[in-house]
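Quick notes on the structure that follows.
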Amino acid sequence: MLNVECSPPRETTCPAKSDGDGSLLRGPPRETESFTRPFSLQPLEFSLCCSAFSLYLTAASAMLPRMTPSSLVNSAAALCSLRRIGACLGLLWLGFTLTALPAGAAETQPAKPAPIPVILDTDIGDDIDDTWALALLLKSPELDLKLVVGDYGEAQYRARLLAKLLERAGRSDVPVGVGLDIAPHGDGRQAAWVKDYNLKSYPGKVHPDGVQAIIDTIMNSPQTVTLICIGPMPNIAEALKREPRIAQHARFVGMQGSVRVGYGGAKQPQAEWNVKADPKACQQVFAAPWDITITPLDTCGFVTLTGDKYRRVRDTTDRNVADVIANYRIWVVGDAKLPADMADKRSSTLFDTVAVYLAIRQDLCVMEKLGLRVTDDGFTVIDPQAKQVNAATRWKDLGAYEDFLVERLAGKR
């Protein structure tokens, strides 16, 4: 901006005096005094000034024929000076346009989208992939984790596992919900990691009724909540029963089903565990009027980290990820059928991590909109008459997804 000084007159008065009864008297006015103050010409104002000056030069030029020879000489000299000034002002304006305006435009950055509020409903503590999925979620700035709830029984065990992982990750701001007290009961294969952990010691909020916490979190959110479900879903079926309107205020992203491919790349679909364990609950969830996106075995069943990709995650010093590996080692020891050195060489199949990915983006998968019907024996069958879901049925680039997962957990090289 161009700073200019001006000196307009200003009237001032002498300091106020009291007449003794509390009222104020003003003394006689002082002489008018001048002052200087800066003001700024904005680009439009500066342009108008230049235009006015140009008009002045044009008018002055038009008067030349009526002037006497002597005045013509003086006026010509003046006009030359004025034109030089005008040229300088023009160059100044050009420089201002080429520098000041682009710089200002460059400073204006597009606003980043707000993080997506999410709830994680999980059967953590059975298969180890839920623990990996939680770590990925915590490493994803696009997602704002509002609540975690254990699902499908073993309620206290799952809540303790979630609470300890969150506390050690420095995320005790995330409330923990205790799931429905249903079968199965007791502990799971990661129990050794939480054997001395008391849920009452969790610094954050613990909701004894996790289902009600899901409902309240969704209904009280000013934004649409993404519900990430990576296990069987009795909690969600109960939440829909208590408050059907949650389906109008949330979207569903889950790891469920088998569309055309089964476990281990089998050529025939199979009854996938998260559906088979509670088909009735899955039927209710899939029938609800919310937007549904799933990763079936067709995509999530192929995710395993090996070689350098796995070593980068295994050897990271990040506390959150180190806790994942510690739990993975305990989980491997708990199954005599697994190779004893499995946790040193590769991951297990990381099914649930893909659901977290789909809550953020979907570009690495082939997405199909399919009518899927859940059968009473746990199959997810293509049926044009059934409610449509968005299903990730093939990978466009599985290697790129593995790179995404490794970079989130271990950082870029």
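Place the peptides 337-343, 122-128 in order of packing, highest mean first, counting for every residue the other Cβ atoms within 10 Å and averaging per peptide.
Descending packing order for the listed peptides: 122-128, 337-343.
Per Stokes-Einstein, at 10 °C and 1.306 mPa s, what whole-number D in µm² s⁻¹ belongs to region 133-280, with the Kirkwood radius over Cα pairs as the hydrodynamic radius?
97
If you find the alpha carbon centre of region 378-399 and of region 291-361, how far apart are they in angstrom?
23
For the cross-link pairs Lys112/Lys146; Lys146/Lys309; Lys276/Lys369; Lys164/Lys345; Lys280/Lys309; Lys139/Lys345, which exceed 28 Å when the distance is taken from alpha carbon to alpha carbon?
Listed pairs above 28 Å: Lys146/Lys309; Lys280/Lys309.
Could you tell me what % of all Cα pairs in region 116-410 have separations over 23 Å?
Tail of P(r) above 23 Å: 51 percent of Cα pairs.
With both bridge residues required to lie in region 116-410, what share of the DSSP beta bridges run antiparallel, to the nearest 5%?
Rounded to the nearest five, the antiparallel share is 30 percent.
Grab the other residues whose beta carbon is less than 11 angstrom from that of Asp344, score K and R as +1, D and E as -1, and report the net.
Overall, the nearby charge balance is +3.
Which value, in debye to the nearest 20, gives the size of the charge dipole of region 259-360 about its Cα centre, when Lys and Arg are +1 and Asp and Glu are -1 at the Cβ?
260
Which of the peptides 206-213, 133-140, 295-302 is most tightly packed, and how do the rest follow, judged by the mean count of other Cβ atoms within 10 Å per residue?
So the peptides 206-213, 133-140, 295-302, ranked by packing, come out 295-302, 133-140, 206-213.
Scan region 233-329 for trypsin sites (Lys or Arg not before Pro) in coil per DSSP, keeping those whose Cβ has at most 12 other Cβ atoms within 10 Å, and list them by number.
Qualifying residues, ordered by number: Lys267.
Every number in this text was worked out from the coordinates using simple rules, so none of it is lab data. Everything numeric here is computed off the predicted structure, so don't read it as measured data. Cβ atoms come from the backbone with ideal geometry, glycine included; neighbour counts cover every protein chain shown.
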